[in-house]
Each structure stands twice: as structure tokens, then as C-alpha cells.
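Data first, discussion second: the structure below is written as C-alpha cells.
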Amino acid sequence: MSKLDPDRFKLAADNRKARYNYEIVETLEAGIVLQGTEIKSLRGGRATIGESYAGPMGTELFLFNAHIPEYLEANRFNHNVKRPRKLLLHRRQINKLMGAIQRDGYTVIPLKVYFNDKGRAKVELGLGRGKKLHDKRETEKNRDWNRDKARIMKAGAA
């Protein structure tokens, strides 16, 4: 059973284009500091992390540009929809990610926001480097070939 088994967590947001636009070298799980209205809105599954990224602010790592819409029933106690949100990681993990960002030119991309089996909001982060256009074409070509290969194998078995 993998760490992100779909039976064990509820997906709140997914960044499907991340693996197309970035070559993901490493993934890790991080907690996220949220307000009460943000949690309620996340449970509705309406968040968007397609344009978001993680970066340093001082000595901490924050999630920038993640859009968690307002919770309509919260009235005046709502949150700012695109505010920076603190990521909860061990100091060694933060130092490793900051070093990769500053020295090696990597980017930290949120891949998924989900609730684990304890009901806590977690973010799956990917450490990656942006793909060039020819790399994206290669990825697309491989995906199309695998799809055609599976179709041929299925037709041959039937």
C-alpha cells in the first residue's frame, strides 16, 4: 500500500500539469497552517493549486499563490483567498529545499492537497526543474505511445 493510497485520504486539490511542466526529482509531505474557514472550504474540494509554488520567507517555507475560495457561510470572518500559507516541515527538510532552490535552481511545486486518515490537511510537494519544450514533446510522445501500446495489447489479447 503506497503512502498516498486513495482509500486512505481525501483529495482536496490536485496539480495535474505539474508533472508535465516540471521534471520532479523528489516528493515529500508537509503540513500546512490554515485558518478554520480555509479548512471548511478545502473540505468542499474547491481549491486551486495550479499556479502555486513554495518558497522561502525568512527562515520558513511558505506556499504562495494557492487559491482557497472563501467559505460562504463564514460571513465577515473569512480569510484572504491567496494569502501565503506556512508549510510545516522539519528544519533539515527546510534547509535542504532552500539550498536546492538557491544553489541548484530547482522549484518546489505543490502536487496535491489532501486530508490524511487523521483528517489533517497535508500538501505533497515536489522538488523539480522546469522542462524545456523538447522535453515536454518527448513526454507527450511517450504517453501517446504507451496509450497506443496498451490498446494494441488489449486488442491482441481479445
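The values are calculated or read from the model by the stated rules, or taken from the named source; none is laboratory data. As the structure is a prediction and not an experimental result, all values here were calculated from the model. Don't worry about glycine lacking a Cβ; one is built from the backbone with ideal geometry, like all the others, and counts go over all protein chains shown. Just so you know, the surface numbers come from the protein's heavy atoms only, side chains and all, with ligands and any DNA or RNA stripped out. Shrake-Rupley method; radii C 1.70, N 1.55, O 1.52, S 1.80 Å.
The Rg/Rh ratio of the chain, with Rg taken over Cα atoms and Rh as the Kirkwood radius over Cα pairs, comes to 1.04. Pairs with C-alpha atoms separated by more than 27 Å, drawn from the list Lys40/Lys118; Lys17/Lys96; Lys112/Lys141; Lys122/Lys149; Lys112/Lys149, are Lys122/Lys149; Lys112/Lys149.
For the range 120-158, the set of trypsin sites (Lys or Arg not before Pro) satisfying both a DSSP loop assignment and a count of at most 14 other C-beta atoms within 10 Å is given as Arg120, Lys132. How tilted is helix 133-157 with respect to the longest principal axis of the chain? Cα atoms for both, answer in degrees (0 to 90, nearest 10). Value to nearest ten degrees: 60. Please list, by residue number, everything in the range 30-60 whose backbone N is under 18 Å from a paramagnetic label point 7 Å out along Cα→Cβ of Glu73. Within reach of a label on Glu73, which here means backbone N under 18 Å from a point 7 Å along Cα→Cβ, the range 30-60 contributes 35-47. Per residue, the accessible area of the chain comes to 65 Å² when a 1.4 Å probe rolls over the protein heavy atoms.
Roughly to the nearest percent, how much of the accessible area of the range 79-150 is carbon and sulfur, given a 1.4 Å probe? C and S fraction of accessible area: 47 percent. Mean residue ellipticity at 222 nm, helices only, the chain: -10000 deg cm²/dmol; runs of at least 4 DSSP H residues each add -39,500 (n - 2.57), and the sum is divided by the number of residues.
Its relative contact order, with pairs defined as Cα atoms under 8 Å and 6+ residues apart, puts the chain at 31 percent. If you sort the three axes of the alpha carbon gyration tensor as a ≥ b ≥ c, you get a/c of 1.5 or more for the range 88-128 and a/b no higher than b/c, which makes it oblate.
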